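The values are calculated or read from the model by the stated rules, or taken from the named source; none is laboratory data. Small disclaimer: the values here were computed from a predicted structure and weren't measured. Cβ placement follows ideal geometry from the backbone for every residue including glycine, while neighbour counts extend to all protein chains displayed. Just so you know, the surface numbers come from the protein's heavy atoms only, side chains and all, with ligands and any DNA or RNA stripped out. Shrake-Rupley method; radii C 1.70, N 1.55, O 1.52, S 1.80 Å.
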Amino acid sequence: MLKNVIILTCLALLASCNAKQSVNPATSQESNGSIDAGDETYTFADSTERVRFSVTATMPLTTDAASMLIRESLTKVLDEELSHIEYDPRLFAPYKGKDKSLKAILDYYGSHAFAEYQNLAENDYNERKEYLSNDSTLSDKERQQRIKDTPQWEHTSTISKEYDGEKYVVYLHQTYTYMGGAHGGVGGECSITFNRSTGTRITRFFTADAQKGMQRLIKEGLKGYFSEYDNKVTTDEELMGQLLLEGNTIPLPAQAPYLSNNGLVLTYQQYEIAPYAAGMPNFTIPYEDAMPYLTDEIKELLFTKRYILFR
């Protein structure tokens, strides 16, 4: 498993491991928050023998119309994540309470989502127990040990502020989910960029011809990624051999890029273009190379009166 998968997974695990333990060993619940520099952060966490669950979010205080729109947009991100489990339909209604505090929002989504995970994990445990009980190849001791070793499910979610600039602000949404299988999965919407003055979420970063025009840049970036962690990848043929794609065209990532200090960071999700063992392929394209393929809206965010904000 590649280094960036380990890093992202550890970050998710770290967030959930901060939960305080209750005196009741069967369940523990934590809710805490803080306010700092125009933002508030709140954590909802709960756990049982079957599930460990945690959601932490940082959102702006509603000091103006722009911050209110950003807050509403981030709440929709949480709603989309927590009211569905994998490909299930909506499991509970969106939050409609009069209390618009971050605590009220996360307590609502956290408690409802935790209950759904707990129910699924309990069903999974019962199915495993029944299967093992009918396995005549096992001794009673082996059967009891395997039942005891049923893995604990986990879901960890974080929304954190990654950059707060003159013209735009970026939040990072990451999730980690383990449902008792061979391994967990890292997900989320990654970088979420907002126009600071209007509060609108920016979803269109590239021009219509960007995918075709950026093929050389994308392939160079991926060659560097795979060369860093695996054998040296120097040719297009060697690169395509690392990917799960047909043809010779590599799509742009489904998730929005991140406007970093050094350039445009592109990140592919697990299985998006490569097998699980490849992790989450990512690389940085210098702004001077990416500029011809960026929309006017993105160029405006990067441009001040005298220079481009390469931060």
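Annotations
- The number of residues in segment 142-171 that are within 10 Å of the chain's Cα centre (by Cα) and closer than 14 Å to Ile70 by Cβ comes to 1.
- Residue in segment 241-254 that is over 30 Å from Asp164 (Cα atoms), β-branched (Val, Ile, Thr), at pLDDT 95 or above and open to solvent by 20 Å² or more (accessible area, probe 1.4 Å) present: yes
- Given (1) touching a residue at least 24 places away in the same chain (Cβ under 8 Å); (2) open to solvent by 60 Å² or more (accessible area, probe 1.4 Å); (3) within 28 Å of Arg196 (Cβ to Cβ), index of the condition Lys299 fails: (1)
Yes or no, residue by residue, for (1) hydroxyl-bearing (Ser, Thr, Tyr); (2) in contact (Cβ under 8 Å) with a residue 12 or more places away in the chain; (3) within 20 Å of Thr193 (Cα to Cα):
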| site | (1), (2), (3) |
| --- | --- |
| Ser67 | yes, yes, yes |
| Ile70 | no, yes, yes |
| Asp79 | no, yes, yes |
| Leu82 | no, yes, no |
| Tyr87 | yes, no, no |
| Arg90 | no, no, no |
| Gly97 | no, no, no |
| Ala104 | no, no, no |
| Ser111 | yes, yes, no |
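- In segment 230-280, the residue that is farthest from Lys299 (Cα to Cα) out of those that are hydrophobic (A, V, I, L, M, F, W, C) and not in a loop (DSSP other than H, G, I, E, B) is Ala277.
- Filtering segment 258-274 to residues that are open to solvent by 50 Å² or more (accessible area, probe 1.4 Å) and more than 17 Å from the chain's Cα centre (by Cα) leaves Asn261, Asn262.
- Those strands (runs of 3 or more DSSP E) of segment 142-229 in which 3 or more residues are open to solvent by less than 50 Å² (accessible area, probe 1.4 Å), of a type in the set (Gly, Ala, Ser) and within 24 Å of Gly279 (Cα to Cα) occupy 185-195.
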